[in-house]
Every structure is written in structure tokens, then in C-alpha cells.
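Encoded as C-alpha cells, the structure appears first; notes follow it.
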Amino acid sequence: MKYQKKPVVIEAFQYDGDLKGTDGKYYVPGWAVEAYEKGIMHYGALKLDDPPCELFIDTLEGTHHVSVGDYVIKGIKGELYPCKPDIFEDSYEPVNRHFPARRKESMDKSKDKFLTFCNECGWEEKTIGLPYHFCPKCGHVNIGFINLKNVRDDKTKRVHK
């Protein structure tokens, strides 16, 4: 049997070798600061004689090293774990403040062309693949679309989805 990961929104930041700027202030998310202050994220050494300048995260599976460039992810239950950049970029994409971005896999399922539009603010865009279900301009939920493969001319009556 095959399974597909449920679409979930996570929080993350890319570790650049430090948690604080030269001004001494944290520039990572508040949840990361809290984890650091509670000792869930901590600095240590990879070798016995090395100074403690490597970041580690205590996870349910044990302590994991965070390399510079890795992403630190806060999961859906508040758990923290590191993720290599290539895996992160293959698995996640930024979320728009109004709606999650369309997944590439979903867009690949349909090669149809759509005119997607919002009757609320007037936004419209031609898309290839599945159309938006939320307006990226105003966040209106019930936007419409026309499958352009069924259209013979531009004098098409717009129909709400």
C-alpha cells in the first residue's frame, strides 16, 4: 500500500552558525529561543577536546547535530528536529499569508490551462495545472475558474466554482 504525507504547515529557520546577531539579540523565531533557553537546543562539541560550538537538538529519537545550512523544523506537535537543505527544499515550500501555495505534485496531475479569477477584487491569472482555490491577492475563498481547453473564444461566461 502507498501513502502520501498530509499537507501540514510547519515553522522552520535555516541555521547559519549562530542564533544571535553581533548586537547580542536573537534573530531566530521565538520558539527556537525558548527551546535554547530550556536546553532542548544546546551547544556542544563533536570531539572531546573541541570547544562547545556545535548546535545540537534533543529529539524524541535522541540528540541530533545541526550543521550550518540545515533547517531547524518545529513539527505539528511542537517537536524540533534538523533537516538537510536538499530534503527540506524537496519537501516544503513557503506558505502565502492567505493560503498554502499550490503543491507541484498537484499541478503536475493536470496540464489543463485555466483562467482563475476573483469576483471580490478582480484578480485573474492564467494557470497551467490545477487552479487556485483562494485568491492570492485578497484571500477570498470562493474564487472561480474556467478550463480554457473547453473555450473556443474569449467571449466566455465566467462561472463560479
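Here, each number is a calculation from the coordinates, and none is a lab measurement. These figures come from a predicted structure and were not determined experimentally. In this analysis, Cβ positions are derived from the backbone assuming ideal geometry, glycine residues included, and neighbour counts consider all displayed protein chains.
Roughly speaking, what is the stretch gain from Glu37 to Asp49, that is 0.36 nm per residue apart minus the C-alpha to C-alpha distance, in nm to one decimal?
Length gained, Glu37 through Asp49: 1.8 nm.
Please compute the net charge surrounding Glu61, taking Lys and Arg as +1 and Asp and Glu as -1 over other residues with Cβ under 15 Å from its Cβ.
Spelling it out: positives minus negatives among the neighbours equals -1.
For every other residue with a beta carbon closer than 12 angstrom to the beta carbon of Gly17, add +1 if it is Lys or Arg and -1 if Asp or Glu, then tell me the sum.
Working: positive: Lys20; negative: Asp16, Asp18, Glu54, Asp70.
For residues surrounding Gly17, the net value is -3.
Go through Lys5/Lys113; Lys113/Lys137; Lys6/Lys77; Lys84/Lys113; Lys25/Lys84; Lys47/Lys74 and tell me which ones have a Cα-Cα distance over 23 Å in this structure.
As for pairs spanning more than 23 Å Cα to Cα, those are Lys5/Lys113; Lys84/Lys113; Lys25/Lys84; Lys47/Lys74.
Under the Kirkwood approximation for Rh and a Cα-based Rg, what ratio Rg/Rh is obtained for the range 20-65?
Value, to two decimals: 1.02.
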